[in-house]
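So the structure is just underneath, and the comments pick up after that.
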């Protein structure tokens, strides 16, 4: 079942590190000169970073249903159009 905005807001408030990492990697993408990028690639980079590079003891899981919420949140807060989007429940 798709996650609603309410689900996202709850997850986001309980897992602020996810968005911090999302912003960190998205900022790196922008600094590298990319005009468009994939939120899925950012999610996979977060997974790699937490699972392999840092072996994060907190061990959080990221649900792919939150990709549209995080990408839209980032674009709104950073006044950019970095991520590919399509019609989504996150638009409501």
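So that you can scan it fast, the table gives a plain yes or no per residue for (1) at pLDDT 90 or above; (2) outside any loop (DSSP other than H, G, I, E, B):
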residue: 60; (1), (2): no, no
residue: 69; (1), (2): yes, yes
residue: 73; (1), (2): yes, yes
residue: 76; (1), (2): yes, yes
residue: 79; (1), (2): yes, no
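Return the residues of the range 69-92 that are farther than 18 Å from residue 41 by Cα and exposed (fewer than 10 other Cβ atoms within 10 Å of the Cβ); say none if nothing qualifies.
The answer is 76, 79, 87, 92.
Name the residue that is nearest to the chain's Cα centre (by Cα), counting only residues in the range 1-54 that are under 20 Å from residue 86 (Cα atoms) and in a loop (DSSP other than H, G, I, E, B).
38
List every residue pair whose Cβ atoms lie under 6 Å apart, where the two residues are 6 or more positions apart in sequence or sit on different chains, the first residue falls within the range 5-25 and is over 21 Å from residue 91 (Cβ atoms), and the second residue, located anywhere, is at pLDDT 90 or above and part of a helix (DSSP H, G or I).
21/46; 25/42; 25/45
The values are calculated or read from the model by the stated rules, or taken from the named source; none is laboratory data. Because the structure is predicted, anything quoted here is derived from the model rather than measured. Note: ideal-geometry Cβ built from the backbone for every residue, glycine included; neighbour counts use all protein chains shown.
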